[in-house]
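Asker: Here it is, the structure in full.
The values are calculated or read from the model by the stated rules, or taken from the named source; none is laboratory data. In this text, all values refer to a predicted model and were calculated from it rather than measured experimentally. For neighbour counting, all protein chains shown are included, and Cβ atoms are generated from backbone atoms with ideal geometry for every residue, glycine included. SASA here: full protein model, heavy atoms, side chains in, ligands and nucleic acids out. Shrake-Rupley method; radii C 1.70, N 1.55, O 1.52, S 1.80 Å.
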Amino acid sequence: MLIGAVCATYAVAPNSYNFQTVEAYITTSPTEHRSRINDFLSQPLTEQSVLIITCINSAELKARYQDLWVRKASYARESAVENPVMEANILPQGRTQTVGISLNLIKWLIVPLHSKSADAQFEADKLSFTDSVLEVCAQAKKTFIRYQAAESILRLQSEFAQATTETLALA
C-alpha cells in the first residue's frame, strides 16, 4: 500500500509524502486492500480515492516495489564481510603447534565505503520507484478529470434535453 499512500498524498499535497509513510501503506494484507477499496467504492468517487484504488491495483508498481527490495538484499550481500578462516596444525610427538587466522583485509577495509555506496544506490532506487508512483498518479488523475468532464457534459445534455422537452410541451 506504499503505492496508494504516495498516490493519496499526491492527491492532497504533492510535496508532503515520504517513503516511510508510503511503505507502511503498501505492506498491508490483500484483505485490507480489498476492504479499503470496497470502502472507497461505497461512496462517491473522489480524486484521492481514485488514485489510491488505481495504485493499489497496479501490477507494475507492485512488481517495482518487490524489485526494490530484491536490489536492497543484493546490496546488503555485496556489502557483507567474509568470515575469517581459522586453521590449526598440530604435529605429532609434541612438536610446535601452529594456529592461523586469515581474512581478506582489503575487503574489511573497504566495507564501510561499499556500504555507503549501497545505501546511496538504494536511496536512488527509492526515488526512482516514487517517480513511477507519481507517474501512475498523474495518469490516474488525468483519467479521473476526463471522467468528471464527461459526467458533467452528460448531465448538461440531459438537462438541456429536459428543458427542450418542457419548452415543446408548453408551446
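Matching residues to (1) in contact with a Pro (Cβ under 6 Å, 6 or more places away or on another chain); (2) within 30 Å of LEU61 (Cβ to Cβ); (3) assigned to a loop (DSSP other than H, G, I, E, B); (4) not charged (D, E, K, R):
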| residue | (1), (2), (3), (4) |
| --- | --- |
| VAL133 | no, yes, no, yes |
| ALA138 | no, yes, no, yes |
| LYS142 | no, yes, no, no |
| GLN148 | no, yes, no, yes |
| LEU156 | no, no, no, yes |
| ALA161 | no, no, no, yes |
| GLU166 | no, no, no, no |
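Asker: Quick one: how many residues across segment 56-71 are open to solvent by 70 Å² or more (accessible area, probe 1.4 Å) and either of a type in the set (A, V, I, L, M) or more than 21 Å from LEU134 (Cα to Cα) (or both)?
Answerer: Total satisfying the criteria: 2.
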